[in-house]
Each structure stands twice: as C-alpha cells, then as structure tokens.
Amino acid sequence: MTARRLPAALCLLLLASCAGLPPVTPGGETLRSGAEEAFAAGTVFPEGRWQLLHAIRAELPGERRLVMLGLTVMSSPGRSCRSVLMTLEGFVVFDGESDGRLTVHRALPPFDSPHFADGLMEDIRLVFFAPEGPVVARGALAGGGPVRRYRLPDGGTVDVELLPGADWLIRRYDASERLTRTVRARHGTGDQHGFPESIELAAFGGQDYRLTMTLLEAVPAES
C-alpha cells in the first residue's frame, strides 16, 4: 500500500517545490525607462467613465458554451461598475452593479447563483481597474516583456506584463501563490480610444471557465 502511494506523494512534493511566483528580473536603465513610459496612465487600465459593449463567448464547467452580449459601465475614479448581460436578442439575464457594495437588479438562471455576481464583479475589476496595492517589483519575466508586480490587500499578487503590439497580459495569484486568473488583451485594429479588440479571461481553481470578449463599441459614459 505504501509503495503505491509513494509516487503520488513524491509528485505532490515536486509540484509544491515548483509552486510560487515567477521571478522578476530588475533589468537595466533602458528597460526601466522604457517600462515606465509604456506603463503610462491609461495604457492598460482605462481612465475616466466608459460604456463598453462586448460580444462574449463563454466556455463554462460541464462543457457548457454560451454566446451573449455584455454591457459594462465603469468609472475608474470611484472604482465602480455596472454589468448587464443580454442574449443576442437583447433580453437581459443579469444586471448588477458594484460601488462599494454589490447590488443585483436582475439575475436569471444560470446567472442567479449566490457566487456569480461576486465573481463577475471581481473579474471586471481585474480587467478594467488598476490593482489595489503597491508595486513591489518592476522589471521583466524570463522570456517576457516589462512587468509590474502588485501586492494586493488580501495577500494575493497581480503581475501586469506588456507584450508586443500594445498587447498585455495580467496574471492573478492568490495568497498561496497559486494562479487563479489570466487576462490576455489582443489589440488588433483596436478602436479610436485605444481599447483592445478582444480580451480573453481564464479562471482556474475548481470552477474553471474561459471568456472571450470581442469589443463592439466603446464610448465615454455620462457623469
């Protein structure tokens, strides 16, 4: 019995030894100055108030797939947002907002679970708002571009990495340094305001899912 269990135990130990955050190499003055310029305000996280309409393709647990429209109204000064999910015909299946507290105005199955609204707002904040917390490292990841590492109030970590062509990649780790989210922006032709053409969000850690958001419209929102 012990002999059969030993390989599994060794595998777990090996996985544990490999866990952790990838190292950030500080780099020289050229990298630092280029990164600071590239991380100028608004490069990754939009500033001001915006109304964004995306076509969303969702790959959910149980091999479920959905296609819907997502309307997001966000304000960076107040870190507030409202999200409306609709069928392609325009029927609202979810409507919720967060402005320091969460308010759900409408939620139909399968979007009425107790944790859905919290998770959705957390994803929106990860995609559109700069991380809350200090920058604890600047430099580059091995084989990657300029990166900023943020330490979050909950003990987690967010790496924001700049990629070629104005693209960017966000990695979100929990307090145990396990990867829980990635967000990949692909600018393509983009739009006149600089928003990426598409955003791919992947969630890990049990209830895995993947969202591909294709931008249809981005307009300044009224104050």
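Details
- Global geometry of segment 87-201, whether rounded, prolate or oblate, following the gyration tensor of its Cα atoms and the 1.5 cut on a/c: oblate
- Residue order, fewest to most beta carbons within 10 Å, for H105, H187, H193: H105, H193, H187
- FRET E, pair T87, A221, Förster distance 41 Å, beta-carbon r, rounded to 0.05: 0.95
- For A221, distant residues with modelled amide H under 5 Å away: R49, W50, Q51
- Karplus-derived HN-Hα couplings along segment 150-166 (A = 6.51, B = -1.76, C = 1.60, θ = phi - 60°), whole Hz, x at Gly and Pro: 10, 9, 8, x, 7, x, x, 9, 10, 9, 10, 10, 8, 10, x, x, 6
- Dividing the mean sequence gap of close Cα pairs (under 8 Å, 6+ apart) by how many residues segment 126-223 holds gives a relative contact order of 14 percent.
- Per-residue Cβ neighbour counts within 10 Å put T180, T25 in the sequence T25, T180, beginning with the fewest.
- D118-V67 FRET efficiency (beta carbon distance; Förster radius 25 Å; 0.05 resolution): 0.60
Read the figures in this text as sums done on the coordinates, not as results from a lab. Every value quoted in this text rests on a predicted model; they were computed, and no experiment measured them. Virtual Cβ from ideal backbone geometry, glycine too; neighbours counted across all protein chains shown.
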